[in-house]
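Beneath this line is the structure, given in structure tokens, with notes to follow.
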Amino acid sequence: MTIKTKRPRRRQNLAYGAGVGAGLLALALFLFPAYEKLHARGPMNAGHEDLKCASCHKDAPGNARQQIQANLRFILGQRQTPADFGHGDVGNEICLACHERPNDRHPVYRFLEPRFAKVRLKLHPEACLSCHAEHTGKRVTLGEAGYCVNCHKETKLRKDPVDVPHERLIALRLWETCLGCHDFHGNHIMKTAKMVENAISRERIRAYFEGGPSPFGEERYHKAKKEVEDG
């Protein structure tokens, strides 16, 4: 009888050991920084490949017990807002810690003005992630003609520097040509085209949005903080 019971127990012990080992391996994949990108929601965006998860995902205030208690109070109506659990939301302050520039032509805070109320409802340009959603493997996640039309329908220039006036381009709804001459944030050091036929092609801009090389050139007024630190 003893001989017959040892083998099943030995198999059980091996199975338990294998289960524990698999569990520890899975735990290591979630906890060790070297494996953190294996459980990310998707590939890092262009230019962010070397960032660590903790660069953007900061610990939420309080410990786990306090976070659970705060959310229970919210469910019971004893608190006005829910509490972040584990990590806080990634907001503008995280992005601007590396990318804030004094010469930004379209700073996010500008879109908080009352005149942009309708556009906020449609696009939420006041949030960095509206155009630069992370974990997509891209650089820009909003189409290249998807936002200019919302604010520049009435654009008129007294001395238009382009051979085809802006007013004419707007009438023809050629919104995809905007970025052929204009760097949205104004950070690239570039020479603006004076003729529409010399503007950057839509294909090159789209490739740039997808993570390809910059059609605006590599010279910039301000580098991201991470680039400066890395030299």
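The values are calculated or read from the model by the stated rules, or taken from the named source; none is laboratory data. No experiment lies behind these values; they were computed from the predicted model shown. Here the Cβ is made from the backbone with ideal geometry for all residues, glycine too, and neighbour counts use every protein chain on show. With ligands, DNA and RNA removed, areas are computed over all heavy atoms of the protein, side chains included. Shrake-Rupley method; radii C 1.70, N 1.55, O 1.52, S 1.80 Å.
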The correct ranking of 204, 220, 173 by accessible area at 1.4 Å, largest first, is 173, 204, 220
Which of 178, 189, 164, positive extreme of dipole for region 153-194 (C-beta unit charges): 164
Whenever you get a sec, line up 151, 56 from highest to lowest accessible area (probe 1.4 Å, protein heavy atoms). 151, 56
Whole-percent carbon and sulfur share, accessible surface of region 32-124, 1.4 Å: 58 percent
Förster-model FRET efficiency, 35 Å R0, residue 207 and residue 129, C-beta, rounded to 0.05: 0.95
I'd like the accessible area for residue 96, computed on protein heavy atoms only with a 1.4 Å probe and all protein chains in place. Round to 10 Å², please. 60 Å²
Of the listed pairs 156/226; 159/191; 122/156, those with alpha carbons more than 27 Å apart are 156/226
Quick one: accessible surface of residue 206, probe radius 1.4 Å, all protein chains present, in square angstrom to the nearest 10. 110 Å²
Ignoring ligands, DNA and RNA, how do 163, 59, 104 rank by accessible area with a 1.4 Å probe, largest first? 59, 163, 104
Whole Å is fine, so just give me how far the alpha carbon centre of region 180-231 lies from that of region 52-97. 35 Å
Rounded accessible area of residue 157 (nearest 10 Å², 1.4 Å probe): 90 Å²
Compute the distance in nm between two label points, each set 7 Å from the Cα along the Cα-to-Cβ direction, one at residue 142 and one at residue 69. 4.1 nm
Go ahead and run the numbers for FRET between residue 225 and residue 89, Cβ-Cβ distance against an R0 of 30 Å, rounding to 0.05. 0.90
With a Förster radius of 30 Å, plug the Cβ-Cβ distance of residue 51 and residue 173 into 1/(1 + (r/R0)^6) and report the FRET value to the nearest 0.05. 0.20
